[in-house]
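Novice: One structure follows; several queries about it will come next.
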Amino acid sequence: MNPKTDKIVRRTTMVATAVASYFLLTADYGPQPNAVDPVKKAILSAENSVKEFIFGSKKGP
C-alpha cells in the first residue's frame, strides 16, 4: 500500500475508534453529569473553534 494512503487509513481508524468509544461510553449515562464530561467539553470546544475558523467569529464590532 502507498505510504500516504496507509498513514491516512491509520489516522482515520484511530479517530473512528475514539469517536465510537466516546459514544459507547456515554450511551448509558444520558444527560446526567459523569466522568466523560471533560471529553465532551473538549470535543465541543474543538467543534466551536473549527466553526469560528471556517465561518468567522460571531462576535462582531
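Novice: Just name the residue that is least open to solvent (accessible area, probe 1.4 Å) out of those in the range 1-29 that are over 17 Å from ILE43 (Cβ atoms) and not in a helix (DSSP H, G or I).
Specialist: ASN2
Novice: I've got another one for you. What tally of residues in the range 21-61 results from selecting those that are polar (S, T, N, Q) and at pLDDT below 80?
Specialist: The total comes to 4.
Novice: To continue, here is another question. Scan the range 30-42 residue by residue and report those that are surrounded by fewer than 10 Cβ atoms within 10 Å (Cβ to Cβ) and either part of a helix (DSSP H, G or I) or hydrophobic (A, V, I, L, M, F, W, C) (or both).
Specialist: ALA35, PRO38
Novice: Follow-up. Which ones in the range 46-58 are of a type in the set (Gly, Ala, Ser) and loosely packed, with under 10 Cβ neighbours inside 10 Å?
Specialist: Within the range 46-58, GLY56, SER57 meet the criteria.
The values are calculated or read from the model by the stated rules, or taken from the named source; none is laboratory data. Not measured: the values here are computed from a predicted model. For neighbour counting, all protein chains shown are included, and Cβ atoms are generated from backbone atoms with ideal geometry for every residue, glycine included. Please note that ligands, DNA and RNA were not included when accessible areas were found on the heavy atoms of the full protein model with its side chains. Shrake-Rupley method; radii C 1.70, N 1.55, O 1.52, S 1.80 Å.
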